[in-house]
1. Is it the case, given these coordinates, that residue 108 is surrounded by 16 or more Cβ atoms within 10 Å (Cβ to Cβ), in contact with a strand residue (DSSP E or B) (Cβ under 6 Å, 6 or more places away or on another chain) and part of a loop (DSSP other than H, G, I, E, B)?
2. Suppose we filter 175, 120 for residues that are part of a helix (DSSP H, G or I) and either in contact with a strand residue (DSSP E or B) (Cβ under 9 Å, 6 or more places away or on another chain) or modelled with pLDDT under 95 (or both); which single one remains?
3. Criterion first (in contact with a strand residue (DSSP E or B) (Cβ under 9 Å, 6 or more places away or on another chain), part of a loop (DSSP other than H, G, I, E, B) and crowded, with 18+ Cβ neighbours inside 10 Å) does residue 129 satisfy it?
4. Only one of these is part of a strand (DSSP E or B) and surrounded by fewer than 20 Cβ atoms within 10 Å (Cβ to Cβ): 189, 159, 180, 201. Name it.
5. Condition first: touching a strand residue (DSSP E or B) at 6+ places or on another chain (Cβ under 8 Å), in contact (Cβ under 8 Å) with a residue 60 or more places away in the chain and part of a loop (DSSP other than H, G, I, E, B). Now tell me which residues in the range 48-62 satisfy that.
6. Which residues, taken from the range 76-102, are more than 11 Å from the chain's Cα centre (by Cα) and within 24 Å of residue 114 (Cα to Cα)?
7. Being over 16 Å from the mean Cα position of the chain (by Cα) and surrounded by 19 or more Cβ atoms within 10 Å (Cβ to Cβ) is the filter here; which residues of the range 163-177 pass it?
8. Go through the range 29-44 and give me each residue that's part of a helix (DSSP H, G or I) and either within 15 Å of residue 120 (Cα to Cα) or without any contact (Cβ under 8 Å) to a residue 24 or more places away in the chain (or both).
């Protein structure tokens, strides 16, 4: 008998040609224990063909409640940062390393992040962003290098998979420590300038 962990395979994920199709499949995922303790899968939001993508850690309580990433206090701050740089929040795409809320908002375990990685990989493949901002150490370590330190690598461009990655602090860290706001703004200005070089300024 097929159990809940075996209702789809990696090949089925790779066959999904749209984010809508991928999100429907992701709602059935039980590959780790996170799904048992949350309301539902928090898949992603934004422009499905965005040139700029943001990846965070995982859903919090408000995200779990609404079913959307970055809608709590950290998400509101992220929106302000995006708009301050001249971008429209509807023109970027936002996702997380894990799609289900870890209990107590703890850091996702490696096996949880690994179980969720095929979903994020396919999201990136479908969206095809040119620039991805990695928000915090969890995003940096799960995409670039498991031993990477955000304090050392933030503000440095990393090219991988044909994509330009910019690591910076997670907005939640800024809420705890306002001294991180200036470094994040400097990182986002580099993202803005690189985006303008690639695609021109909005409206041009």
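1. On the way: surrounded by 16 or more Cβ atoms within 10 Å (Cβ to Cβ): yes; in contact with a strand residue (DSSP E or B) (Cβ under 6 Å, 6 or more places away or on another chain): no; part of a loop (DSSP other than H, G, I, E, B): yes.
When the stated conditions are applied, residue 108 does not pass them.
2. 120
3. yes
4. 159
5. Of all residues in the range 48-62, those touching a strand residue (DSSP E or B) at 6+ places or on another chain (Cβ under 8 Å) come to 48, 50-59.
With the extra rule that they be in contact (Cβ under 8 Å) with a residue 60 or more places away in the chain, the set shrinks to 48, 50-58.
Listed by number, the residues that qualify are 48, 50, 51, 57, 58.
6. Correct list: 100, 101, 102.
7. Of the range 163-177, the ones over 16 Å from the mean Cα position of the chain (by Cα) are 174-177.
Once the filter is applied, which keeps residues that are over 16 Å from the mean Cα position of the chain (by Cα) and surrounded by 19 or more Cβ atoms within 10 Å (Cβ to Cβ), the range 163-177 yields only 174.
8. 36
The values are calculated or read from the model by the stated rules, or taken from the named source; none is laboratory data. Predicted model only: the values in this text are computed from it and were never measured. Note: ideal-geometry Cβ built from the backbone for every residue, glycine included; neighbour counts use all protein chains shown.
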